[in-house]
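Before any comments, here is the structure.
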Amino acid sequence: MFKVFIDGSAGTTGLRIREMLGKRADISLITISESARKDVAARKEAINASDVTFLCLPDDAAREAVALVENPHTVVIDASTAHRTAAGWAYGFPELSRVHRAAVAQSKRIANPGCYASGFIALVYPLVRAGIVAPDYPFVCHAVSGYSGAGKKGIAEYEAENRSPVYDTPRLYALSLTHKHLPEMQAVCGLTRTPVFNPYVCDYYCGMTVNVPLFSDLLCKRAGAAEIREILAAHYAGSSFLSVGEEGSGYISANTLNGTNRMQLLVNGGEERILLTARFDNLGKGASGAAIQNMNLALGLDERISL
């Protein structure tokens, strides 16, 4: 029986992790009272009594929680932005390479990827690694997400009875072009030029698409959509959760993988212009599902349990 503590179990990510793990016979959830939720001593005791602690906290609180860890056997999986590019932390996207998978399986410190970053990195990392795209390629990334990614305050605003009409339409944000996911997008893919990233939050609960266009004449090796699709398919061959294809219906909906840990990589376009798309649940492979997958690997279990 593995003991698991979720520090920050009241948020969307923590609630879904709790729901999924609560159904497992091999997991015992460590809980503390609502009144002790911010009590440092109570949290410290729970963290150090656990085999795995999930941090579903703001960045500063996640850093403070890591400082409380004294048990050398406790695995910490941080769902915040705090440690995604930090030294000594495994980046929790095991499908990227054998090295990434081994790091997740062996590490006591695992940084769960950001939701948008997961889609961008899944598309771009294999192409940079294969020498198809240069590290200084001028990437532009367009993405849409359901409002569950906005956190408790954002969810309340979207679900308010007398909300403003502005919530009825897609809303572009991160206008300073300094979105918090950009550092990991750049670092994990080994990019020397920071991408332009323009995300939208939309009036539906969850699900997302992350889209990256490419010009074939700007690639290191000229390739069209079919060739790019083959490269991605070969890279992720045998993956439990990632699949590669193209969209034949003429439309790509963002919410068709909700409730799963799956991610679809779609390559459309032609010989001159190529559109890469990652479609997944921002609360699944983009957050809670990925966290549980990483936990399974860190505990030496089948990564597909609960997923």
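The values are calculated or read from the model by the stated rules, or taken from the named source; none is laboratory data. Everything numeric in this text was worked out from a predicted model, so none of it was measured. Virtual Cβ from ideal backbone geometry, glycine too; neighbours counted across all protein chains shown.
What the table below lists for this structure:
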item	result
Leading residue by the ranking (farthest from residue 87 (Cα to Cα)) among those in region 157-192 that are assigned to a loop (DSSP other than H, G, I, E, B) and β-branched (Val, Ile, Thr)	169
Members of region 123-171 found to be surrounded by 15 or more Cβ atoms within 10 Å (Cβ to Cβ), farther than 14 Å from residue 218 by Cα and of a type in the set (Gly, Ala, Ser), listed by number	130, 143, 145, 146, 148, 149, 150, 154
Within region 235-279, tally of residues that are surrounded by fewer than 18 Cβ atoms within 10 Å (Cβ to Cβ), closer than 18 Å to residue 94 by Cβ and more than 18 Å from the chain's Cα centre (by Cα)	2
Elements of type strands (runs of 3 or more DSSP E) in region 196-307, at least 3 residues being among the hydrophobic types (A, V, I, L, M, F, W, C) and either under 30 Å from residue 152 (Cβ atoms) or not assigned by TED's automatic domain parsing to the domain that holds residue 14 (or both)	196-202, 208-215, 263-269, 273-280
Filtered residues of region 7-30 (kept if in a strand (DSSP E or B) and of a type in the set (A, V, I, L, M, F, W, C))	27, 29, 30
Selected residue (only one of 250, 289, 259 is of a type outside the set (A, V, I, L, M, F, W, C) and more than 29 Å from residue 81 (Cα to Cα))	250
Extreme residue, nearest to the chain's Cα centre (by Cα), among residues of region 56-69 that are closer than 17 Å to residue 36 by Cβ and either of a type in the set (Ser, Thr, Tyr) or outside any helix (DSSP H, G or I) (or both)	56
Test: residue 76 is touching a helix residue (DSSP H, G or I) at 6+ places or on another chain (Cβ under 7 Å) and not acidic (Asp, Glu)	yes
Residues that are surrounded by fewer than 18 Cβ atoms within 10 Å (Cβ to Cβ) and either under 17 Å from residue 269 (Cα atoms) or over 25 Å from the mean Cα position of the chain (by Cα) (or both), drawn from region 199-230	213, 215, 217, 218, 220, 221, 222, 224, 226, 227, 230
